[in-house]
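Below is one structure; the comments refer to it alone.
Nothing in this text is a laboratory measurement; each read-out follows from the coordinates by a stated rule. Owing to the predicted nature of the structure, the values given are computational and were not obtained by experimental measurement. FYI the Cβ positions are ideal-geometry reconstructions off the backbone, even for glycines, and counts take in every protein chain you see.
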Amino acid sequence: MNLAQLERKLIAAGRAQPPDDRVPYAFEKRILARLAVRPVLDGWELWARALWRAAAACAAITLLLGAWSFLPPEEGAPTGDLSQQLEQTLLAAVDQGAGSDSTW
């Protein structure tokens with residue numbers, strides 16, 4: 001259907017109806033004035049919203065990793081004290097160099 005023709009029909013139908021006394025004076029102007037006023041964007045509000053979402057995501061990840069740490073290790077996985085394994089790994093090069101004559 002042609003939009004211009006549809007618009008003319010709707011305007012004609014609206015004009016054919018008598019005005020209703022139940023509508024307050026200048027009601028449509030007040031409504032349009034409220035619609036025209038846009039709320040001011042607050043940059044801090046946007047940052048706060050984004051940071052709260054990030055905090056929720058971090059909390060969810062923390063809970064998942066915490067639950068994962070309580071699961072029993074798989075078969076064949078290395079067991080023992082992680083601090084001892086880390087120390088042995090970091091000092092492996094020093095232990096190998098102690099027996100040689102290298103001054104590095």
task = Rounded to the nearest 10 degrees, what's the angle between the helix 27-36 long axis and the longest principal axis of the chain, both from Cα atoms, 0 to 90?
result = 30
ask   = If you line up the long axis of helix 43-69 against the longest principal axis of the chain, both from Cα atoms, how many degrees apart are they, to the nearest 10?
value = 40
note = Quick calc, F70 & A92: beta-carbon distance into FRET formula, R0 30 Å, rounding 0.05, result 0.50
request  = Among L51, L63, L82, determine the one that fluctuates most according to a GNM of the chain built with springs between C-alpha atoms less than 10 Å apart.
outcome  = L82
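Using a simple charge model, +1 on the beta-carbon of Lys and Arg, -1 on the beta-carbon of Asp and Glu, nothing else, what dipole does the chain show about its Cα centre, in debye to the nearest 20? Walk me through the numbers before you get to the answer.
Working: 10 positive and 12 negative charges, 361 e Å.
In debye, rounded to 20, the chain gives about 1740.
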note = Honestly the chain on the Cα gyration tensor test (a ≥ b ≥ c root eigenvalues; a/c under 1.5 rounded, otherwise a/b vs b/c for prolate or oblate) is just prolate
ask   = When the chain is modelled as a GNM with alpha-carbon springs shorter than 10 Å, which of P18, P72, P39 fluctuates the most?
value = P18
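Assuming a ≥ b ≥ c are the square roots of the Cα gyration tensor eigenvalues, decide whether the range 1-49 counts as rounded (a/c under 1.5), prolate (otherwise, with a/b larger than b/c) or oblate.
On the way: a/c = 5.39, a/b = 1.88, b/c = 2.86.
Verdict is oblate for the range 1-49.
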